[in-house]
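Computed from the coordinates by the stated procedures, all read-outs in this text should not be read as laboratory data. Note that this is a predicted model, so its numbers are computed, not measured. Here Cβ is always computed from backbone atoms with ideal geometry, including for glycine, and neighbour counts include all displayed protein chains.
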Amino acid sequence: MTTSAWIADRLNRWAHAGHALRQDYAAVQDAAAVESMRRIQRTFWVFGPIELVLAVWYLVYPVPADRPDLQLWAQSLLTLHVFTALVTGVLLLVVGRSLRGASSASAVKLQMAMCFTYLMYGVAVSYLDIHVGGVQAFILICCGVAGLSLMRPFISITIYGVTLVVMVGALQLGVEPGAPRAIMVMNSVIAAVLSVVLSAIIFHQYARGLLLQRELALLASQDPLTLLPNRREVLLRINQAVAMRKRSAQSGALLFIDLDHFKVINDTRGHQVGDMLLKEVAQRLSGCVRITDTVARLGGDEFLVLLDNLASDLGAASREAETVARKFIDALNRPCYIEGADVQSSPSIGIAMVHDGTSDANELMRQADLAMYQAKDAGRNTVRFYDHDIQQRLMEKAALEADLRKALERNELQLYYQPQVTADGQIVGAEALLRWKHPHKGFIPPGQFIPIAESSALIEQIGSWVVHTACETLERWARHSTLQHLSLAVNVSARQFAQASFVPAVLAELAPAQFDIRRLKLELTESMLVTDMDDVVAKMEALSQHGVRFSLDDFGTGYSSLAYIKRLPLDQLKIDQSFVRDLHEDANDAAIIRVIVGLAQTLDLEVIAEGVETAAQRDYLLRAGCHNFQGYFFGRPMPADALEALVCAAPEAVPQNGTPSSVPILPA
């Protein structure tokens with residue numbers, strides 16, 4: 001390695017070392033200690049101008065030998081400056097050692113280096129002023145200030161070291177302190193070398209700083225994969241569009257685009273193919289808009305398109321936005337040829353218009369996002385505009401879900417019981433139905449809150465509470481001679497049944513049971529049988545072995561198949577109320593009822609019909625062979641004490657033409 005290459009390599013390493021030290025310095029966690037160091041540094045730098053003035057004065061106006069008073073004054077200033085440098089170095093070392101945190105070791109090294117710099121500074125200035133002259137002190141101070149301003153202690157130390165070596169070498173070669181020409185020549189050489197070195201270092205750091213700033217600016221505003229504006233940048237532009245709309249008549253639109261089934265492509269073809277698809281989507285979207293519009297990547301497979309300068313009329317602007325959205329759909333529906341195969345992912349697009357009522361970018365994005373989910377619910381690969389009424393319903397749903405989360409804690413949930421009777425009107429059981437009595441809104445219809453519970457994890461907690469409460473009810477009935485024959489049917493949601501902990505949880509409830517477990521009947525729906533048939537059968541058999549019975553609810557409305565009916569350990573089929581309701585008007589419903597009853601008899605299963613509301617419906621079911629009923633004709637859902645009173649009453653107190661007047665009428 002040549003000398004110049006070696007020097008360049010050393011300088012480069014010193015630059016990197018200084019950069020690392022600056023990062024460590026910025027990462028120090030103890031703010032108080034850092035502030036103390038900065039104050040010490042500022043205190044020391046106050047003396048820099050004094051020393052500069054002193055050095056210039058030495059250079060221009062040498063102190064005459066016959067003026068000992070001036071020499072004493074100058075030496076006093078120099079001594080004070082050297083003393084300050086030494087004290088500063090010691091203080092920095094003490095403060096540096098007090099640092100704590102992840103970067104404390106590097107911070108202590110930095111402070112020790114600065115301490116050494118200050119110490120050498122004082123010694124060097126004192127030595128050179130006494131033995132050589134003020135010119136050297138002037139150069140040394142300039143170099144020191146430059147090095148410290150760059151926060152490069154090692155550079156400063158190196159400069160001082162080189163200067164000292166040169167100075168001492170000059171003295172050893174016989175250059176007398178009073179030889180002005182030799183000293184000036186030597187100073188010129190040193191100044192030239194140091195100027196070149198410092199200029200190179202400063203230019204290198206300045207260039208790196210500019211490049212780093214440019215890279216940081218790009219990272220802050222640009223998506224690195226697609227090179228589109230990122231979320232931060234597009235939010236700024238949306239806010240500008242909203243502000244522009246308030247000052248002018250021009251409209252705008254925000255399109256929220258989500259790729260359908262992109263995760264499947266990522267999982268099956270790999271992330272590399274997914275990234276290439278995103279790049280292609282970005283190019284196609286950019287090719288469908290004007291240069292004044294903005295196409296941005298929000299993250300993942302989500303894109304935003306901001307359309308500016310649309311028609312002032314909101315209706316015309318909406319049509320323009322929909323036209324662009326249709327162009328997006330056509331462009332993205334064309335397959336992308338990636339790594340030897342066609343890859344395709346259709347878009348779901350939500351549109352929110354920028355109008356006078358739009359407050360900010362976050363609101364507009366939320367509206368476009370809601371519209372995009374409406375497009376997905378509508379079958380995907382389509383466009384939907386934001387609808388304020390839908391947002392209102394979603395807000396009401398969110399509020400209802402928040403209240404529902406507190407309902408269990410506040411004991412607002414209740415179980416009501418609808419009687420299940422035989423052909424002669426005897427009550428043989430009941431179905432437990434969930435009711436929610438809101439503290440301000442009264443009874444909330446089950447059709448409103450049960451879907452909310454099923455779409456979230458709440459159904460698991462609520463389902464566990466229902467099973468627990470049903471077991472307590474059976475326990476109470478078992479202690480009453482007139483009630484111990486009653487069975488109780490409990491609905492189980494698909495999400496609750498799919499949990500691995502479902503069977504252990506039910507068995508834990510049944511372990512201390514003091515009632516006949518065969519009185520507990522779990523009602524399953526056909527929809528849960530098409531996911532994992534083997535798992536369903538295994539769980540049903542595990543519970544059946546302990547006496548739990550099963551009823552297949554809403555039979556005939558889902559994926560009815562004899563293949564799974566014969567595998568399931570069922571005890572009962574339940575005819576759905578949709579067949580019972582129109583059996584006199586629709587011959588198909590009547591025929592389906594006869595088929596279900598015949599199937600149950602063939603498989604030796606019980607059959608019960610729900611939704612029986614008239615005597616004509618009951619009579620037809622009896623003729624078809626169904627002898628168990630449930631519906632308003634026999635009783636509405638009622639509290640447990642009302643059902644118990646009804647069962648304990650005389651048979652004639654249970655008319656088959658509706659609910660007795662003493663039983664409260666509640667929504668089904």
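Exposure proxy ranking for D342, D308, based on other Cβ atoms within 10 angstrom of each Cβ and starting from the fewest, stands as D342, D308. Amide H contacts under 5 Å for Q222: N230, restricted to partners 5 or more places along the chain or on a different chain, H placed in the peptide plane at 1.01 Å from N.
Return T557, T292 ranked ascending by Cβ neighbour count within 10 Å, so the fewest neighbours appear first. Write out the running numbers ahead of the final one.
Working: T557 16, T292 9.
Ranked by crowding around the Cβ, least crowded first: T292, T557.
Of the cross-linked pairs K263/K376; K406/K521; K246/K279; K521/K566; K441/K574; K539/K574, those separated by over 24 Å at the C-alpha level are K406/K521; K246/K279; K441/K574.
Geometric descriptor of the stretch 399-653, per residue, is 137 Å³ (volume of the convex hull of the Cα atoms).
The overall shape of the stretch 248-311, judged from the alpha-carbon gyration tensor, is prolate: a/c is not under 1.5, and a/b is greater than b/c. Within the stretch 420-509, list the trypsin sites (Lys or Arg not before Pro) lying in a DSSP loop whose Cβ has at most 15 other Cβ atoms in a 10 Å radius. Loop-located and lightly packed - K441, R479. For the stretch 570-645, the convex hull drawn through the C-alpha positions has a volume of 96 cubic angstrom per residue. Roughly how many Å is it from the Cα centre of the stretch 606-643 to that of the stretch 460-489, as a whole number? Cα centroid to Cα centroid, the span is 21 Å.
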